[in-house]
Amino acid sequence: MVTLEDVARHAGVSLATASRVLNGSNRRVGAALRQRVELAAAELGYEPDVTAQALARGSSNVIGLVVHALTDPYFAALAEGAMRAADRHGLTVMVGTTHRDPEREIAVVSTLRVQRVRAIVLAGSRTSDETITKRLTAELTRYRDAGGRVACVGQDLLGVDTVAPANREGAAALARSLAGLGHRRFAVLAGPPGLLTAADRTAGFTAALADLGLPAPRVLHGDFDRDGGYAAAVELAGSGLDEVSCVFAVNDVMALGALAALRDRGVDVPGDVSVAGFDDIATLRDLVPALTTVRLPLAEMGERALDLALSDTSEPAIEPVAAEVVLRASTRRV
């Protein structure tokens, strides 16, 4: 039986290009390449797969959205934006959650591929594990070779359309703003070492302090959630909080946990120590004291990722997203 791979090899083109020609994708292929593929298919007697044609033409009205957890306000906001865009296109969103398990993320993508959704949007940080990244990329390639479309929110590591938040730059800007308030001694609640979003924010913050000639911050790792922030702040309070004037948690929910831990131990924020986060999650804006943070347009990021997934661009697009420092009552001038 002649396969699509045979046709691609015979025509001297990529599998993705052969699929776009023979499965009727909306993505354009040049006339010369199209002629080569069609000639190769005729010479080999290739018969297109009806299922692959349906996927390539985008006949499904379902979009697959893969997030770490909808209980996290960051991902809830991204999902809201993606769903808003889906409504605009008359599409339905199917949500899969991974609970920050890379193996589950691969499994969810595989399931969405088998169910022939029109496009997949991945929202969440990549891992530093190169083997996992290669396996996920391979699964996405199988889906794209059959005509599917993919976009992600996060690091540009998968070879797909990407909405890339300014994690390093935003954290660096925050460090400069806090130093401008007079802070010189910092701690960073840095999240898991292998999570690239957390690592990028920690690196950006630390590098900015070094550029300013300030001491390196104390770095404490933990889970990338409220409980992780709480546990890291407890560790900090038990072993040297007096040496720190400001605590940077690499996301807002970790900062929420840190504030709770400090409050439980009678530490005044910002009187005894200042606290800052990252993301500017809307549901946390009513915290007391109000949280200094770095604002990302989360809903807009989800919306843009879905629009990219439905676009007909032939090359992956990278769309950077700027971050903005927002100084609030949880930090003070010293």
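Without any contact (Cβ under 8 Å) to a residue 40 or more places away in the chain and under 28 Å from Leu308 (Cα atoms) - does that describe any residue in the range 195-217? Yes, the range 195-217 has at least one match. For the range 110-119, the criterion of being hydrophobic (A, V, I, L, M, F, W, C) and either outside the structural domain of Ser311 (by TED's automatic domain parsing) or under 18 Å from Ser311 (Cβ atoms) (or both) is met by at least one residue.
Which of the residues that make up the range 263-284 are out of contact with any Phe, Trp or Tyr (no Cβ under 7 Å at 6 or more places or on another chain), under 24 Å from Thr197 (Cβ atoms) and open to solvent by less than 10 Å² (accessible area, probe 1.4 Å)?
Answer for the range 263-284, where residues must be out of contact with any Phe, Trp or Tyr (no Cβ under 7 Å at 6 or more places or on another chain), under 24 Å from Thr197 (Cβ atoms) and open to solvent by less than 10 Å² (accessible area, probe 1.4 Å): Ser274, Val275, Gly277, Phe278, Asp280.
Got a sec? Which helices (runs of 4 or more DSSP H) wholly within the range 10-117 have at least 1 residues that are modelled with pLDDT of 90 or more and either closer than 21 Å to Val163 by Cβ or open to solvent by less than 50 Å² (accessible area, probe 1.4 Å) (or both)? In the range 10-117, the matching helices (runs of 4 or more DSSP H) lie at 73-88, 102-114.
The listed residues are Ser274, Ser245, Ser314, and the only one of them that is touching a Lys or Arg at 6+ places or on another chain (Cβ under 8 Å), among the polar types (S, T, N, Q) and more than 22 Å from Leu214 (Cβ to Cβ) turns out to be Ser314. Of the strands (runs of 3 or more DSSP E) lying entirely inside the range 151-253, the ones with 3 or more residues being within 21 Å of the chain's Cα centre (by Cα) are found at 161-165. When the test is whether a residue is of a type outside the set (Phe, Trp, Tyr), free of Cβ contacts under 8 Å to residues at least 60 places away in the same chain, open to solvent by less than 20 Å² (accessible area, probe 1.4 Å) and within 26 Å of Ala179 (Cβ to Cβ), Ala233 passes it.
Scanning the range 285-334 for residues that are assigned to a helix (DSSP H, G or I), open to solvent by less than 30 Å² (accessible area, probe 1.4 Å) and more than 18 Å from Glu169 (Cβ to Cβ) turns up Ala299, Gly302, Ala305, Leu306, Leu308, Ala309.
For the range 174-216, the candidate set comprises residues that are at positive phi and touching a Ser or Thr at 6+ places or on another chain (Cβ under 9 Å); within that set, the residue that is surrounded by the fewest Cβ atoms within 10 Å (Cβ to Cβ) is Gly182. All conditions but one from (1) under 30 Å from Val150 (Cα atoms); (2) of a type in the set (Gly, Ala, Ser); (3) not in a helix (DSSP H, G or I) apply to Gly271; the one that does not is (1). Scanning the range 233-282 for residues that are at pLDDT 95 or above, among the hydroxyl-bearing types (Ser, Thr, Tyr) and over 19 Å from Arg201 (Cβ atoms) returns a single hit, Ser245.
The single residue among Arg126, Arg142 that is free of Cβ contacts under 8 Å to residues at least 60 places away in the same chain, in the same structural domain as Asp307 (by TED's automatic domain parsing) and more than 17 Å from Met94 (Cβ to Cβ) turns out to be Arg142. Just checking, does the range 150-161 include any residue being touching a Leu at 6+ places or on another chain (Cβ under 8 Å) and of a type in the set (S, T, N, Q)? Yes, the range 150-161 contains a residue that is touching a Leu at 6+ places or on another chain (Cβ under 8 Å) and of a type in the set (S, T, N, Q).
The values are calculated or read from the model by the stated rules, or taken from the named source; none is laboratory data. Bear in mind the structure is a predicted one, so any value in this text is a computation, not a measurement. Using ideal geometry, Cβ is built from the backbone for each residue, glycine included, and neighbour counts are taken over all protein chains shown. For accessibility, only protein heavy atoms count, side chains too; no ligands or nucleic acids. Shrake-Rupley method; radii C 1.70, N 1.55, O 1.52, S 1.80 Å.
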